[in-house]
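Below you'll find the structure, written out as structure tokens, and then a few comments.
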Amino acid sequence: MSDQDPILAVSDLRKSFGGIQAVDGATFDVATGTITGLIGPNGAGKTTTFNLVSGFLEPDGGEISFKGVDVQELMRPSGEENRIWTTAAGVTAGGIGVAGTASIGAGPPAMLAAGVIGASVGVGAYYGQERVKRATSHRATRPYQMARHGLSRTFQITRELQGMTVFENLLLAPQDQRGEQLLNAWFRRDTVAEDERRVRERAEEVLGLLELDHLRTERAGNLSGGQRKLLELGRVLMTDPDLVLLDEPVAGVNPALTRNLLDRIEQLRDEGYTFLIVEHDMEVIMELSDTIIVMDQGQKLTDGTPAEIQADERVVEAYLGG
């Protein structure tokens, strides 16, 4: 992907719930290194679009491309996952076969043969399932895969680990920490220790960036609403994302913390991060955004700079129900 290519491209996106068409052919791009606001009247499809882009919902139609790759492809099982599940299926089925022959008093050769047969059955069952999924155009909804590929999001209602401290919340956020694997913890202690050192250093940097240093040992459940918003942004930053989706980042946040949060977002944009933001506070969105996308009735109504959006009569009509 070149610097000129959009980091996110949405084309003819559609999603319905029963008889309600929540998103109806939405098409828009998000440019790399920008802050893009996503606005619209209630029921315009903003939240559903956010959930589709971040992988929490499966689209009925259309395409979402992140860094030039189809989001649905990004969420399919990787080769490593396939190997893990194939092995697990084979071992499980093999164990069942061995247990069955042992229960009728079979000797070791028969038990070995049963294990091999059982493993083969397990492998065959797994791959048969995967072929059925592909044949029926199976589409994955595994949002954690999006974080692994560089797209992370926050939520309107924060989802911090309340019983842990602010610092511990940050330490848990990075993906694929080698210390999470039991064999590494036993046999690669130096590597695990180095990993942990880097994670702790990054967590200290994020604490400083978001001005949460004084709360590092405070339990997350004791934080104010605004402090929780900052912590959630910090957890996202610990995943080292290329694109950050912010769902109403200043909702319920007092003015002092709002100013701090907006300053941090602008600073991160200047450092190369890209943001897509849903926000109902028009003053905030007009101040913060480089580009604004306006949705109405599940479609993109228009897009442009804040000045262009404020001067567009169609936007005023959409908000007033015209």
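The values are calculated or read from the model by the stated rules, or taken from the named source; none is laboratory data. Treat the numbers as computed from the prediction; the structure is a model and nothing was measured. All Cβ positions, glycine included, derive from the backbone under ideal geometry; neighbour counts span all protein chains shown.
Things worth noting here:
- Within region 266-322, the only residue that satisfies the criterion of being at pLDDT below 90 and either assigned to a strand (DSSP E or B) or among the aromatic types (Phe, Trp, Tyr) (or both) is TYR319.
- First in region 209-233 and surrounded by fewer than 14 Cβ atoms within 10 Å (Cβ to Cβ), second anywhere and at pLDDT 90 or above, Cβ under 6 Å, 6 or more apart: ASP213/LEU207; THR217/THR165
- Positions within region 35-53 being in contact with a helix residue (DSSP H, G or I) (Cβ under 7 Å, 6 or more places away or on another chain) and surrounded by fewer than 23 Cβ atoms within 10 Å (Cβ to Cβ), in sequence order: PRO41
- Test for GLY25: is it assigned to a strand (DSSP E or B), more than 27 Å from ARG264 (Cβ to Cβ) and either in contact with a Phe, Trp or Tyr (Cβ under 9 Å, 6 or more places away or on another chain) or in the same structural domain as GLN299 (by TED's automatic domain parsing) (or both): yes
- Unmet criterion (only one of (1) outside any strand (DSSP E or B); (2) polar (S, T, N, Q); (3) touching a residue at least 40 places away in the same chain (Cβ under 8 Å)) for ASN51: (3)
- GLY252 fulfils the conditions (1) crowded, with 21+ Cβ neighbours inside 10 Å; (2) more than 24 Å from LEU52 (Cβ to Cβ) except for a single criterion, (1).
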